[in-house]
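First comes the structure, then the notes that go with it.
Please treat every number below as a calculation from the coordinates, not as lab data. These numbers were taken from a predicted model, which means no experiment stands behind them. Here Cβ is always computed from backbone atoms with ideal geometry, including for glycine, and neighbour counts include all displayed protein chains.
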Amino acid sequence: MNVLVVGGAGYIGSHMVRLLEQTGHQPVVLDNLSTGFAESVRQTKSYIGAMDDRKLVEQILREHQIEAVMHYAACALVGESVVDPAKYYQNNVVATLQLLEAMRACDVRKLVFSSTCATYGVPAKVPIDEQEKQEPVNPYGFTKLVIEKALADYSAAYGFGYATLRYFNASGASPAGDIGEDHDPETHLIPLVLQVALGQRSHITVFGDDWPTPDRTCIRDYIHVDDLATAHLAALQRLEHGTEIKLNLGTGVGNSVREVIEACRDVTGCDIPEQMGSRRAGDPPELVADSSRAQRELNWIPKYNDIREIVRTAWKWHQAHPHGYRKS
Ligand code: UDP
């Protein structure tokens, strides 16, 4: 299949591009390189540009006879979305609607959309299944939910076939160690802890140890980025016009902040100092997926179900690229 991967030079997008290539598909990347890196998709036909550039997107869709679009180009930091919601509504909603319009103009009606567990807000029960009410508690979650709703309407009215995949904590790196996570500023737990192991930070701050969890730190469902990619591919292959797929992607296993830090100590062999900090605004205590429906409907099983294995792949990437793509 000829697939346009919007945001294909980013962390999750670049792993998707690699899997598409490995499985005989023809990905084409569109990325504005605001957070992505051209180096992560060196071998792939790529365009630098904006997804709301109708002329450019329509030209790519036609020229490459694109059959489906995978959309990863989002602003995705909860805290930033609270401080600067305009950026989130502009990029995640307005620009995404322009992308959908370009698709409609070119009669491309299959889309795999990156959504998030942030659309559930603070869940009434854990693990979270797809029946859970979607009541986001921050602008990031709202912007993703707006597009989920738009896609349902586009499907009914225009025959779009779409998959909206709500993922939990994307983590790890390609086992080859040549592509991985690189954010500036870095805010995610695993890369921050590994930066301490590399001697780039003095300690990791734990955001609160007064949560209602067994070790009193927050619990998240860390899913390997390649497992996300295999689920996306399975969803892509199931899309027909009018198909609606809405699934959670996680491992079903939760790990606390303390467990993640301990796993990083085990894998790196480094003594990783930690300091206790206060809670981070907007953090729910526990987010774990019930992804049994995804496993059933996509015939998909996450390969990585041990946090140490996930950290091992991330550690390989960070050791080989201690300053990310910039100074590799
Ligand atoms: N966290 C932490 N210290 C940090 C960064 C994150 O204790 O320096 C915690 C955070 O409160 C959350 C978990 O680690 O409970 C995962 O945070 P991350 O930012 O990686 O992902 P999020 O769950 O926000 O998407």
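Points to keep in mind about this one:
- Our compactness index for region 75-207, the C-alpha radius of gyration over the empirical 2.2 N^0.38 Å, is 1.24.
- In the chain, a dipole from Cβ-located charges (positive for Lys and Arg, negative for Asp and Glu) runs towards its positive end, and of Thr313, Thr205, His15 it is His15 whose Cα lies farthest in that direction.
- Maximal additional length on extending the Glu63-Asp271 stretch stands at 69.6 nm, based on 0.36 nm per residue less the C-alpha distance.
- Scattering profile of region 119-163 at q = 0.15, 0.21, 0.29 Å⁻¹ [log10 I(q)/I(0), Debye over alpha-carbon scatterers]: -0.45, -0.74, -0.97
- Efficiency of FRET between Gln237 and Ser202 - r from beta-carbon atoms, R0 56 angstrom, step 0.05: 0.75
- The simple spin-label model puts a point 7 Å past each Cα toward its Cβ; for Ala105 and Gln43 those points are separated by 3.3 nm.
- Ranking Val82, Leu33, Ser46 by how far each Cα lies toward the positive end of the dipole of region 9-85 (charges on Cβ) leaves Ser46 at the top.
- Region 1-104: C-alpha pair distances exceeding 19 Å, %: 40
- Base-10 log of normalised Debye intensity for region 100-144 (one unit scatterer per alpha-carbon) at q = 0.24, 0.26 Å⁻¹: -0.80, -0.86
- Averaging 1/r over each pair of different alpha-carbon atoms in region 162-216 and inverting the result gives 13.9 Å, the Kirkwood hydrodynamic radius.
- With the alpha-carbon atoms of region 177-325 aligned to their principal axes, the span from lowest to highest coordinate is 52, 38, 25 Å, starting with the largest.
- All Cα pairs of region 171-251, percent lying beyond 20 Å: 54
- Rounded FRET efficiency, nearest 0.05, which uses the C-beta distance separating Asp210 from Tyr325 and R0 of 35 Å: 0.40
- Counting every pair of alpha carbons in region 61-129, the share spaced more than 13 Å apart comes to 71 percent.
- Dipole magnitude of the chain, debye to nearest 20 (Cβ charges: Lys/Arg +1, Asp/Glu -1, about Cα centre): 380
- Computed from Cα positions, the angle between helix 307-320 and the longest principal axis of the chain comes to roughly 80 degrees.
- Kirkwood hydrodynamic radius of the chain, Cα pairs, Å: 20.0
- Checked against a 24 Å cut-off, the cross-linked pairs Lys87/Lys144; Lys110/Lys303; Lys144/Lys246; Lys149/Lys303; Lys110/Lys149 give Cα-Cα distances beyond that limit for Lys110/Lys303; Lys149/Lys303.
- At q = 0.14, 0.18, 0.25 Å⁻¹, base-10 log of I(q)/I(0) for region 241-321 (Debye sum, equal scatterers on each alpha carbon): -0.68, -0.96, -1.21
- Euclidean distance of C-alpha centroids, region 306-328 and region 238-252, integer Å: 29
- Helix axis angle, 225-238 relative to the chain longest principal axis, alpha carbon, degrees: 30
- The length gained on full extension between Ala124 and Gln195, counted as 0.36 nm times the residue separation minus their Cα-Cα distance, comes to 22.1 nm.
- Neighbour counts of other Cβ atoms within 10 Å put Asp52, Asp153, Asp226 in the fewest-to-most order Asp153, Asp52, Asp226.
- Residues of region 221-256 falling in the label zone of Tyr158, defined by backbone nitrogen less than 20 Å from a point 7 Å along Cα to beta-carbon, are 236, 239-246.
- Computed [θ] at 222 nm, deg cm²/dmol, the chain (DSSP H ≥ 4; -39,500 (n - 2.57); rounded to nearest 500): -11000 deg cm²/dmol
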